[in-house]
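Working notes, beginning with the structure itself.
Values in this text are rule-based calculations from the coordinates and carry no lab data. What you are looking at is a predicted structure, and each value in this text was computed from that prediction instead of being measured. Note that we place each Cβ from the backbone using ideal geometry, even for glycine, and neighbour counts take in every protein chain shown.
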Amino acid sequence: MTAWNTSSLRRFARREWGPLFWTVRDALVRDRWRAIPMTIGAVCLTSVFQIVQNTSWGFQPVQDLGSVKAADPLGLALLRTPLSLFVPALDLPVWGALAQILLVFGIAEICIGWWRTLLIGYVATLAGTTYARIGLALGPEHPLGLPVSDRIVNDTGPSAAVVGLAIYVCWRYRAYLTGALVILAMIGEVLVKDNLAGKEHLAAITAVMAVCVVRARWGPVRSRVALGSHPPP
């Protein structure tokens, strides 16, 4: 029984994570850090923003470039959104943002390319930003609404993009259980701590899943085939 269980787990692991693992491994062995230039640039940019915004002279310029709040005019928020992804949240440790970017952005850059990584990341981020405005319009009495105090919450950081990219990569590599676990974790986050960030993560997941459905149904044939290659026998 134990041997059978071990064999089944190995087959499941190969099916769920094998194509993704071998794609990332082969790229890193072949190209090392050259495999993820965009990710390294994103880590460096986030680090620079963190250093600058913690100086007496740099806080306001960073806020002017990349701080997004639901109270901001929509046009201004859209202008700041591209850089807001790389401005670390003020109430969270920066190492968490850097680790998320290095791991998830790095895997996504290898697996789907740098421009798709940025595109999906911005789709997820914009979905969260848009939801904040809709949630405020619905009001705190609505199940999907937000309290008025969230109007001035500083909405920055890569977390929505990271969640969206995780879902998209899981779909492209058919790691469905892993994607389901990410979704359940984000639902649990909202149930435990009902705040703006958690609900924005759900909005990001919804937007990226919509992209996946559209590509699966109406996209090119290559988007309907799982990415990745299996290891040699």
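Numerical summary
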| item | result |
| --- | --- |
| Neighbourhood charge, 13 Å Cβ-Cβ cut-off, centred on ALA127 and excluding it, Lys, Arg +1 and Asp, Glu -1 | 0 |
| Mean ellipticity per residue at 222 nm, deg cm²/dmol - from DSSP H runs of n ≥ 4 across the chain, formula -39500 (n - 2.57) | -22500 deg cm²/dmol |
| Contour excess over end-to-end distance, with Cα ends at ARG34 and ASN5 and 0.36 nm allotted per residue | 6.5 nm |
| The chain - charge dipole about Cα centre, Lys and Arg +1 at Cβ, Asp and Glu -1, debye rounded to 20 | 1180 debye |
| Highest-fluctuation residue, VAL162, VAL29, VAL87 considered, GNM on the chain with Cα pairs under 10 Å | VAL29 |
| Degrees, to the nearest 10: 159-172 long Cα axis against longest axis of the chain | 30 degrees |
| Length-normalised contact order for the chain - Cα pairs under 8 Å, 6+ apart - percent | 24 percent |
| Cβ charges +1 (Lys, Arg) and -1 (Asp, Glu), total dipole of region 165-222, debye | 380 debye |
| Distance in nm between pseudo-label sites at ALA216 and ARG25 (7 Å out along the Cβ direction from Cα) | 2.8 nm |
| Dipole magnitude of region 96-207, debye to nearest 20 (Cβ charges: Lys/Arg +1, Asp/Glu -1, about Cα centre) | 280 debye |
| Choice from PHE105, PHE86, PHE12 showing the highest fluctuation, given a GNM over the chain with Cα pairs closer than 10 Å | PHE12 |
| Space enclosed by the convex hull of the alpha-carbon atoms of region 150-189, per residue, Å³ | 65 Å³ |
| Cα lying deepest toward the dipole's positive end in the chain, options GLN100, LEU79, VAL211, charges on Cβ | VAL211 |
| Which of ILE112, ILE36 has the fewest Cβ neighbours within 10 Å, and the rest in rising order | ILE112, ILE36 |
| The chain: most fluctuating residue of PRO37, PRO147, PRO93 per GNM, C-alpha cutoff 10 Å | PRO93 |
| Dipole-positive endmost among LEU28, ALA70, LEU45 within region 25-79 (Cβ charges, Cα centre) | LEU28 |
